[in-house]
1. Say R0 is 45 Å: what FRET efficiency, to the nearest 0.05, do residue 206 and residue 105 get from their beta-carbon distance?
2. Using only helices, what value at 222 nm comes out for the chain when you add -39,500 (n - 2.57) per DSSP H run of length 4 or more and divide by the total residues, to the nearest 500 deg cm²/dmol?
3. Taking the Cα atoms of region 136-216, what is the range of coordinates along each of the three principal axes, in descending order and whole Å?
4. Kindly express, to the nearest 10 degrees and within the range 0 to 90, the angle between helix 57-71's C-alpha long axis and the longest C-alpha principal axis of the chain.
5. Please identify which residues in region 171-210 have an amide N closer than 18 Å to a label point set 7 Å out from the Cα of residue 42, following the Cα→Cβ vector.
6. Can you figure out the FRET efficiency of residue 15 with residue 153, using R₀ = 41 Å and their beta-carbon distance, to the nearest 0.05?
7. Please report 9, 23 as a ranked list, fewest other C-beta atoms within 10 angstrom at the top and most at the bottom.
8. Take every Cα-Cα distance within region 115-178, group them into 10 Å bins from 0 onward, and report for each bin the whole-number percent of pairs it holds.
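Nothing in this text is a laboratory measurement; each read-out follows from the coordinates by a stated rule. These numbers were taken from a predicted model, which means no experiment stands behind them. As a convention, Cβ positions derive from the backbone with ideal geometry for all residues, glycine included, and neighbour counts pool all protein chains shown.
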């Protein structure tokens, strides 16, 4: 991993560890671990679970940046788009840290989570969607349908479309939050882009197949 990205990930993980250690004595024996769509707690767990929710999950993603490139099957290596893959890891570590900060603040200070969590999801869509068109065929990231994996032409076309859909969904989602849209509308914006991209990969594959233009 490039030094700047490595240091940024390490800094974010250390920040989560320090925040957890600082807040841990203030935590009750049982802490909230899940909230429903109305922002009310509907799941509890022992307080040590915060180490897994924040630093543990962030560290796991960081480790994957080193493991996945080394176990990729031939012809599906990460090397051709390694800078983009590393960018994805940094974004995922960062957004996980953001979600953890929201949860930790809710546990310690009783702050609301219902607006902050969807906002983080839509920011994630924008950040991941922007370079999505650079992703090459692989088994770990991207729109990995049977048809996109079977054809590089379908893969490229699907990911170019997905990039636009993800950014558009993220921007519309943030606007919807500001306008006070219901939770169902937010969830639709968060997931429907993936269904559209998957269906497009099928239709584009069949279109190329009929035209005899599928690549080997």
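1. 0.40
2. Mean residue ellipticity at 222 nm (helix-derived): -22000 deg cm²/dmol.
3. Principal-axis extents of the Cα atoms in region 136-216, largest first: 48, 25, 16 Å.
4. On a 0 to 90 degree scale, this one is about 30.
5. 182-188
6. 0.45
7. 23, 9
8. 24, 43, 24, 8, 0
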